[in-house]
Amino acid sequence: MVREPRQTLEALWVRLERLRIGPLKEGTFTSRLHTEATAAILGLALGVSFGICFTTGLISHGIQQPPSWFLWPSRPFNLYRISQGLHVATGIATVPLLLAKLWTVFPRLFAWPPIENTAHALERLSLLPLVGGSVFLLASGLNNIALWYPWRFFFPAAHYWAAWITIGALIVHIGAKAPVTARALRGRRNQASLSEHAGGLSRRGFLTAVGASVGVVTLATVGQTVRPLRWLSVLGPRDPAVGPQGFPVNKTARSAGVTKFAIEPTWRLLVEGAVTRPLALSLDELGSMEQRRVNLPIACVEGWSASAEWTGVPLRRLLEVAGASPDAAVSAESLQERGLYRKSDLNRLHAHDPDTLVALRVNGEPLHIDHGFPARLIGPNRPGVMQTKWLSRLQVQ
Ligand SMILES: Nc1nc2c(c(=O)[nH]1)N[C@H]1C(S)=C(S)[C@@H](COP(=O)(O)O)O[C@H]1N2
Ligand SMILES: [Mo]
């Protein structure tokens, strides 16, 4: 006997219905907070925090690995500090937002039927890179600022590519959800105010709690770059006022393996490459040149920053003496023999900024060996990682 196609479908449907066990059952999730409106509001907040975090992340990456069209200026001197402070602060603020959002929408994971049509299937599939990418970015970022590297991959590259994947999935997600979001936000105004319901947490109460968590984690960490809030910084991995000469050390002379070479009296700073008069200057010779004093921050990619008063010889003066071209770029090399941060590049704007120094002193004293004795690079609007310590050679291009 041949069954009608409709009967077959119905039989299939009945069988499928039998699979609805556990969280797949109707009415498993009773909270009134698992709504489109709550998800939409949290989604908007996440869109903003992710947007800022992504943009500032791209800036930081671009400065460190500049494509040929990208020329990061040396002014305003504080721009990188603000941009990277925002990057880390929005990243941290995103953690409670993301947790709240995932909690709000996770019943949707068990939606029935699991797949309605191709668009729905694609939309659900895009959640994989979106959720996976977001969790990876926040977790690896937090580990990085806590200086805890339990992984084997190279953090900047992994973080960078995960950001692109996540932002791609986010754009797909926002596009797919736009009608729902618009409806939810419009409907919200017409609904009887949910906050007046008796019993349970109201949406307003829930969102207020999420907002308060964002406020708390921000205030508890942002003191690592906003000095007046330092005393509040109970969760900040770095205290910007603790370290030799009053500010933190990122890498010590010992761990860089330079303790011996840095104090050799035979140390010379070489200025070589595209110059007419190569130089090899001793510490005394550098010290007897005209000194300049500048107040500049170390603004670490990890989100902490600390200002100090630096004294030394302007790099552009050295370039002039060596006979370099007025728009020459420079590569600054350290005594440190190995490691990614033993070298940094200065584009022509940074190399010739009057405040970019080969610094010999900080806060009125000769540099502590952990801050780069005998000489370090310090310049306006540069990531901390490009303020090379224990200079040995300036290679002019
Ligand atoms: N040669 C060398 N210079 C370096 C580093 C390094 O690892 N090697 N670390 C950089 C980083 S990441 C930062 S944030 C600053 C910190 O400077 P400080 O240790 O004097 O605070 O130094 C930079 N200069
Ligand atoms: Mo750094």
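With the structure loaded, tell me whether SER68 is buried (at least 19 other Cβ atoms within 10 Å of the Cβ), in a loop (DSSP other than H, G, I, E, B) and out of contact with any Ser or Thr (no Cβ under 6 Å at 6 or more places or on another chain) or whether it fails that test.
Details: buried (at least 19 other Cβ atoms within 10 Å of the Cβ): no; in a loop (DSSP other than H, G, I, E, B): yes; out of contact with any Ser or Thr (no Cβ under 6 Å at 6 or more places or on another chain): yes.
No; evaluated as a whole, the condition is false for this residue.
Would you confirm, using the coordinates I've provided, whether SER74 is among the hydroxyl-bearing types (Ser, Thr, Tyr), under 30 Å from LEU147 (Cβ atoms) and either modelled with pLDDT of 90 or more or in contact with a strand residue (DSSP E or B) (Cβ under 9 Å, 6 or more places away or on another chain) (or both)?
On the way: among the hydroxyl-bearing types (Ser, Thr, Tyr): yes; under 30 Å from LEU147 (Cβ atoms): yes; either modelled with pLDDT of 90 or more or in contact with a strand residue (DSSP E or B) (Cβ under 9 Å, 6 or more places away or on another chain) (or both): yes.
Considered against the rule, which asks whether it is among the hydroxyl-bearing types (Ser, Thr, Tyr), under 30 Å from LEU147 (Cβ atoms) and either modelled with pLDDT of 90 or more or in contact with a strand residue (DSSP E or B) (Cβ under 9 Å, 6 or more places away or on another chain) (or both), SER74 comes out as yes.
Any residue that is assigned to a strand (DSSP E or B) and within 16 Å of ligand 2 (Cβ to nearest atom) - is there at least one of those in segment 311-331? Show your work before the answer.
From segment 311-331, those assigned to a strand (DSSP E or B) are 311-314, 330-331; that's our starting set.
If we keep only those that are within 16 Å of ligand 2 (Cβ to nearest atom) too, we end up with none.
No, segment 311-331 contains no residue that is assigned to a strand (DSSP E or B) and within 16 Å of ligand 2 (Cβ to nearest atom).
Any residue at all in segment 349-357 that is outside any helix (DSSP H, G or I), within 14 Å of ligand 1 (Cβ to nearest atom) and crowded, with 18+ Cβ neighbours inside 10 Å? Please lay out each step first, then the result.
Keep residues of segment 349-357 that are outside any helix (DSSP H, G or I), which gives 353-357.
Keeping just the survivors that are within 14 Å of ligand 1 (Cβ to nearest atom) gives 357.
Okay, now just the ones that are also crowded, with 18+ Cβ neighbours inside 10 Å, so 357.
Yes, segment 349-357 contains at least one residue that is outside any helix (DSSP H, G or I), within 14 Å of ligand 1 (Cβ to nearest atom) and crowded, with 18+ Cβ neighbours inside 10 Å.
Which of the numbered conditions does TYR341 fail, given that it passes all the others? Conditions: (1) surrounded by 21 or more Cβ atoms within 10 Å (Cβ to Cβ); (2) of a type in the set (Ser, Thr, Tyr); (3) near ligand 1 (Cβ under 10 Å from one of its atoms).
(1)
Cβ-Cβ under 6 Å, sequence separation 6+ or interchain: first residue in segment 8-37 and at pLDDT 85 or above, partner hydrophobic (A, V, I, L, M, F, W, C) and part of a helix (DSSP H, G or I). Which pairs?
Within 6 Å, the pairs are PRO23/PHE110; LEU24/PHE110; LEU33/PHE206; GLU36/VAL180; GLU36/ALA184; ALA37/ALA184.
Out of all the residues in segment 290-300, is one or more more than 16 Å from ligand 2 (Cβ to nearest atom) and surrounded by 18 or more Cβ atoms within 10 Å (Cβ to Cβ)? Break it down into steps so the answer makes sense when it comes.
Pass one, segment 290-300, residues more than 16 Å from ligand 2 (Cβ to nearest atom): 290-295.
In the following step, the residues that additionally are surrounded by 18 or more Cβ atoms within 10 Å (Cβ to Cβ) were identified as 294.
Checked against the condition, which is being more than 16 Å from ligand 2 (Cβ to nearest atom) and surrounded by 18 or more Cβ atoms within 10 Å (Cβ to Cβ), segment 290-300 yields at least one hit.
Hey, can you tell me all the residues within segment 358-378 that are under 30 Å from GLY57 (Cβ atoms), in contact with a strand residue (DSSP E or B) (Cβ under 7 Å, 6 or more places away or on another chain) and outside any strand (DSSP E or B)?
HIS371
Specify the residue that is farthest from ligand 1 (Cβ to nearest atom); the eligible residues are those in segment 285-305 that are of a type in the set (A, V, I, L, M, F, W, C) and touching a residue at least 40 places away in the same chain (Cβ under 8 Å).
Among those residues, the one meeting the criterion is LEU286.
Taking the residues in segment 379-397 that are farther than 22 Å from SER60 by Cβ and away from ligand 2 (no atom under 16 Å from the Cβ) as candidates, determine which candidate is surrounded by the fewest Cβ atoms within 10 Å (Cβ to Cβ).
In the first step, residues of segment 379-397 are kept if they are farther than 22 Å from SER60 by Cβ; the result is 390-397.
So of that shortlist, the ones also away from ligand 2 (no atom under 16 Å from the Cβ) come out as 391-397.
Values: LEU391: 21, SER392: 21, ARG393: 17, LEU394: 26, GLN395: 17, VAL396: 21, GLN397: 15.
Checked segment 379-397; the qualifying residue surrounded by the fewest Cβ atoms within 10 Å (Cβ to Cβ) is GLN397.
Determine which single condition SER334 fails, assuming it passes every other condition in (1) surrounded by fewer than 20 Cβ atoms within 10 Å (Cβ to Cβ); (2) hydroxyl-bearing (Ser, Thr, Tyr); (3) under 27 Å from PHE155 (Cα atoms).
For SER334, the failing item is (1).
How many residues does segment 230-283 hold that are within 19 Å of TRP390 (Cα to Cα), touching a Phe, Trp or Tyr at 6+ places or on another chain (Cβ under 8 Å) and within 16 Å of ligand 2 (Cβ to nearest atom)?
Selection size over segment 230-283: 4.
Any idea which residue in segment 266-284 is farthest from ARG317 (Cα to Cα), counting only those that are touching a residue at least 12 places away in the same chain (Cβ under 8 Å) and in a loop (DSSP other than H, G, I, E, B)? It would help to see each step written out before you state the result.
Step one: filter segment 266-284 for residues touching a residue at least 12 places away in the same chain (Cβ under 8 Å), giving 267-283.
Then drop every residue that is not in a loop (DSSP other than H, G, I, E, B), which leaves 267-268, 274-278, 282.
Working: TRP267: 20, ARG268: 17, ALA274: 15, VAL275: 13, THR276: 14, ARG277: 13, PRO278: 13, SER282: 16 Å.
Applying the filter and picking the extreme gives TRP267.
Can you find a residue in segment 361-378 that is in contact with a Leu (Cβ under 7 Å, 6 or more places away or on another chain), in contact (Cβ under 8 Å) with a residue 24 or more places away in the chain and within 16 Å of ligand 2 (Cβ to nearest atom)?
So far as segment 361-378 goes, yes, one or more of its residues are in contact with a Leu (Cβ under 7 Å, 6 or more places away or on another chain), in contact (Cβ under 8 Å) with a residue 24 or more places away in the chain and within 16 Å of ligand 2 (Cβ to nearest atom).
Name the residues in segment 332-344 that are more than 16 Å from ligand 2 (Cβ to nearest atom) and in a strand (DSSP E or B), would you? Break it down into steps so the answer makes sense when it comes.
Just the residues of segment 332-344 that are more than 16 Å from ligand 2 (Cβ to nearest atom), to begin with: 333, 335, 337-338.
The answer is GLU333, and nothing else.
Could you tell me whether any residue of segment 50-60 is in contact with a helix residue (DSSP H, G or I) (Cβ under 7 Å, 6 or more places away or on another chain), over 14 Å from THR166 (Cα atoms) and of a type in the set (Gly, Ala, Ser)?
Among the residues of segment 50-60, at least one is in contact with a helix residue (DSSP H, G or I) (Cβ under 7 Å, 6 or more places away or on another chain), over 14 Å from THR166 (Cα atoms) and of a type in the set (Gly, Ala, Ser), which makes the answer yes.
Which one of these is touching a residue at least 60 places away in the same chain (Cβ under 8 Å) and not polar (S, T, N, Q): ILE115, ILE59, ILE63, ILE52? Steps first, answer last, please.
Working: ILE115 fails: touching a residue at least 60 places away in the same chain (Cβ under 8 Å); ILE59 fails: touching a residue at least 60 places away in the same chain (Cβ under 8 Å); ILE52 fails: touching a residue at least 60 places away in the same chain (Cβ under 8 Å).
Of ILE115, ILE59, ILE63, ILE52, the one residue that is touching a residue at least 60 places away in the same chain (Cβ under 8 Å) and not polar (S, T, N, Q) is ILE63.
Please go through segment 379-397 and pick out each residue that is assigned to a loop (DSSP other than H, G, I, E, B) and either near ligand 1 (Cβ under 8 Å from one of its atoms) or in contact with a Pro (Cβ under 6 Å, 6 or more places away or on another chain) (or both). Can you show your working first?
Applying the first criterion (assigned to a loop (DSSP other than H, G, I, E, B)) to segment 379-397 yields 379-382, 387-390, 397.
Hits for segment 379-397 are GLN387, THR388, LYS389, TRP390.
The values are calculated or read from the model by the stated rules, or taken from the named source; none is laboratory data. Everything numeric here is computed off the predicted structure, so don't read it as measured data. Cβ: placed from backbone, ideal geometry, glycine included. Neighbour counts: every protein chain shown.
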